[in-house]
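In what follows, a single structure is set out as structure tokens and then discussed.
Nothing in this text is a laboratory measurement; each read-out follows from the coordinates by a stated rule. Computed from a prediction, not measured in an experiment: that's the story for all the values here. Methodologically, a virtual Cβ is constructed for each residue, glycine included, from the backbone with ideal geometry; neighbour enumeration extends over all protein chains shown.
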Amino acid sequence: MPPFQHHVFFCTNERSADDPKGSCIHRGAGDLHAHAKERCFSLGLKGTVRVNKAGCLDTCAQGPAVVVYGAKDPPEGVWYTLQSKADVDAVIDEHLVGGNVVERLRMKQGR
């Protein structure tokens, strides 16, 4: 059995302010990452959910970008665009705890 049921990666890439793609860190990814870590800890998910920072996920134009990988074979890879702490909470409650992908927050295809 894998050590975690889910790995959650928050893009925390930072580009210059004038870059046309923008960057997830300038769109609030740092605060959203911190909120996710705190919320998962408060829900007792330590040991089953790991919330990590990632470098560039090459989707900053749609960011803040988050990808959730589950402990399936092959692992699922669900990409989200999260704009607020409420969005983070929805992914935690509905996806990580409830097992249902949050379709309204799924990232659109393309970069």
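What the table below lists for this structure:
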{"quantity": "Simple Cβ-charge dipole of the chain, Lys/Arg +1 and Asp/Glu -1, about Cα centre, in debye nearest 20", "calculated": "80 debye"}
{"quantity": "Trypsin sites (Lys or Arg not before Pro) restricted to DSSP loop in the range 21-103 with at most 13 other C-beta within 10 Å", "calculated": "LYS72"}
{"quantity": "Under 5 Å, built H, 5+ apart or other chain: amide partners of VAL51", "calculated": "VAL8"}
{"quantity": "For the range 6-105: relative contact order, % (alpha-carbon pairs under 8 angstrom, 6 or more apart)", "calculated": "32 percent"}
{"quantity": "Ranking of VAL88, VAL49, VAL97 by count of other Cβ atoms within 10 Å, fewest first", "calculated": "VAL97, VAL49, VAL88"}
{"quantity": "Isolated Cys residues of the chain, judged by Cβ distance under 4.7 Å to other cysteines", "calculated": "CYS40, CYS56, CYS60"}
{"quantity": "Bridge type composition, the chain - antiparallel percent by DSSP, nearest 5", "calculated": "60 percent"}
{"quantity": "C-alpha long axis of helix 29-42 to longest principal axis of the chain, angle in °", "calculated": "10 degrees"}
{"quantity": "Label-point separation in nm, ALA71 to LYS53, each point 7 Å along Cα→Cβ", "calculated": "2.6 nm"}
{"quantity": "Given charges at Cβ of Lys, Arg, Asp, Glu: the range 1-57 dipole, positive-most of GLY44, CYS56, PRO20", "calculated": "GLY44"}
